[in-house]
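J.: I am attaching a structure below and will ask some questions about it afterwards.
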Amino acid sequence: MSVNIVALGNERDGFSEDNQQPSLIWSYLRRSALISQTDSSLSAGHLGNAVFTEYRACVFGNVRLLVHDCPVWDIFDSDWYTSLSLIGRADIIVIKYSVNDKTSFQELKESYIPMIKKALNHSSVPVIISAIGARKNGVTCTCPLCTSDRRSCVTTSEGVQLAKELGATYLELHTLNDFYIQKYFGGVLEYFMIQSLNQKSSEKMKRRKKSQKCHRVQPPQLEQPEKMPILKGEASHYDADLHNLLCCCQCADVAFYSEDLSTVVEAHKIILCSVSPLFMLLFEVKSPADIPDASIVLTARSLFAVDVGATFPPSPRGVPPCVPPVRVVVKDSVFCSCLPDILHFIYSGAFQWERLEEDIKKKLKDPEETEQVLEKVKCILKTPGKLNAVKDCRSHQIKRLYNTSLRLFFNTPVLADVIFKIQGATVPAHRAVLVARCEVMAAMFNGNYLEANSILVPVYGVSKDTFLSFLEYLYTDSCCPASILQAMSLLICAEMYQFHNSDCLSTWLLHFIATNYLIFSQKPEFQDLSVEERNFVEMHRWPSNLYLKQLAEYRNYVHSQKCHCAVM
């Protein structure tokens, strides 16, 4: 073990000719019978000036003693962090001053004692204040340039008051002889050294006991359930499905026109509104009062105008939709020329920002126009009420929007253009999402079927809850079936609609069952799983068999450690 002492201040009289007298700390180390060996080294500080002297010694036989003697208070001004570090590591602090240097004492009291208080920060480090020297009754300086009486002495009451402020022990050492060094100062210093060693020994024992406790059998750590494994050929097609919707432009209900009506670009309100509050405002899903960010409202009005009743060119697809598309004029011609690239960016999940930047740069060639268009796109993606929500649009920083934002439109009548009737209840939905995600529904709503021009579509052979879970998966790429029976029914529903992601959905559902193993394994329907499905669930189950085994062993250990009554 070791004891660290930090000695601060100068015990020499700065106005005396005798500046060769030994320091208090060095005198103690040389005279003390407890010190077996001493070594000193001068340490350099700020700007190469000597800041402190470092002493190393052995005390009480084999205890290391490290002393930093700092006679110059300038260390607090030139290197606060070093002085703070020294005080923070100190076991004992010694503050020294000469009783015949009133100016230095005043500087200590007014400038440095507050710093020491701040560095100690209510710690319990013992402090010894040593007033050194015999007071001299010299003649007071009458020079008019002197602003203070440098020759006046520091009284005992002033030293005691200073000690009270720090909660320190006050000592007066009239001279650095054997009595004042060894028996007086040395006795107090060694008392605090013993106190410090006892405290460290106690803390060391506590750490040892704590370490012994840590070596006992610990309860097993329950890891988080693993993420769904992506098996070969079973990766999600979610983003690709929505992007293909734009390319095929089935069920388009929005047509963007240039001001001269020379160009037209088709899109889907449900996709645009799921990405941006600006489009919610444009298509009256929200009112201006619902948008707290004025910049979004201003951008919507400056960029777009919904024109109802005007004569527009026919849709390029030539197929009359069930509901005529909303006609929107793009006021900004430069932005309009980049609209196809911007829509591809939005329909791809709005996370390929670097690709959008490159596409617009190639198309416009003008850096200023490119920047203006990109700023408008950022405003479109902006979250209302949040400043600079998309200030940095790097792809690794933008979150994918669909799997969270399309959830807002799941099972709601907002923008719904089809209603399923099932088991006497109605479920609203959106043709664009259904067509993008399900091949059977794409054929049903775009072919020569009755449903192509019908608003109300009946559903048979499946329960409402199962059908809702199937729709939830179409909208969000995830779902939470309430039971294994519902999960298996969902698979049957997916196969009934020839859902082209049924393999991926099957894996997702089995992983959901495995993640909730303790609940689902108690259900009677669990036995209806095939051997292959059961093997998958057992392989990915949570909690794992290993954890349950470790938990049983820990419970047995805890039970065996309990004390039993000897009489009983």
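J.: Quote to one decimal, in nm, the extra length available between SER85 and ALA425 on full extension: 0.36 nm per residue of separation minus the C-alpha distance between them. Please report the intermediate quantities before stating the final value.
T.: Details: separation 340, 0.36 × 340 = 122.40 nm, distance 7.29 nm.
So the extension gain works out to 115.1 nm.
J.: Report the charge-dipole magnitude of segment 239-284 in Debye, nearest 20, computed about the Cα centre from +1 at each Lys and Arg Cβ and -1 at each Asp and Glu Cβ. Walk me through the intermediate numbers first.
T.: Values: 1 positive and 7 negative charges, 17 e Å.
It comes to approximately 80 debye.
J.: Largest first, what is the accessible-area ranking of CYS248, CYS438, CYS379 with a 1.4 Å probe?
T.: Values: CYS248 75, CYS438 0, CYS379 20 Å².
These residues rank, largest area first, as CYS248, CYS379, CYS438.
J.: Ordering ASP366, ASP253 from largest to smallest accessible area (1.4 angstrom probe), what's the sequence?
T.: Details: ASP366 60, ASP253 30 Å².
Descending order: ASP366, ASP253.
J.: Next up: How far, in nm, would the chain grow between GLN195 and ASN177 when pulled straight, counting 0.36 nm per residue and subtracting the alpha carbon separation?
T.: Working: separation 18, 0.36 × 18 = 6.48 nm, distance 2.55 nm.
Taking 0.36 nm per residue and subtracting the Cα distance, the gain is 3.9 nm.
J.: Return the distance in nm (one decimal) between the two label points of a simple spin-label model at SER202 and LEU408, each offset 7 Å from Cα along Cα→Cβ.
T.: Reported label-point gap for SER202 and LEU408 is 6.1 nm.
J.: Take the Cβ-Cβ distance between ASP528 and ALA482 as r, set R0 to 22 Å, and report the resulting FRET efficiency rounded to the nearest 0.05.
T.: Values: r = 16 Å, r/R0 = 0.73.
So the FRET efficiency works out to roughly 0.85.
J.: Quick check: pseudo-label points 7 Å beyond the Cα along Cα→Cβ at ALA240 and SER333, how many nm apart are they?
T.: 4.0 nm
J.: Spin-label point model (7 Å from Cα, Cβ direction): what's the VAL306 to ASN535 distance in nm?
T.: For VAL306 paired with ASN535, the spin-label model returns 5.6 nm.
J.: Quote to one decimal, in nm, the extra length available between THR156 and LYS209 on full extension: 0.36 nm per residue of separation minus the C-alpha distance between them. Please report the intermediate quantities before stating the final value.
T.: Values: separation 53, 0.36 × 53 = 19.08 nm, distance 4.72 nm.
Result for the pair: 14.4 nm of gain on full extension.
J.: Taking segment 419-470 on its own, what percent of its Cα-Cα pair distances exceed 12 Å? Write out the running numbers ahead of the final one.
T.: On the way: 870 of 1326 pairs.
Of all Cα-Cα pairs in segment 419-470, 66 percent lie more than 12 Å apart.
The values are calculated or read from the model by the stated rules, or taken from the named source; none is laboratory data. The structure presented is a predicted model; accordingly, all values stated were derived computationally and were not measured. Cβ atoms come from the backbone with ideal geometry, glycine included; neighbour counts cover every protein chain shown. These accessible areas exclude ligands, DNA and RNA; they are computed on the full protein's heavy atoms, side chains included. Shrake-Rupley method; radii C 1.70, N 1.55, O 1.52, S 1.80 Å.
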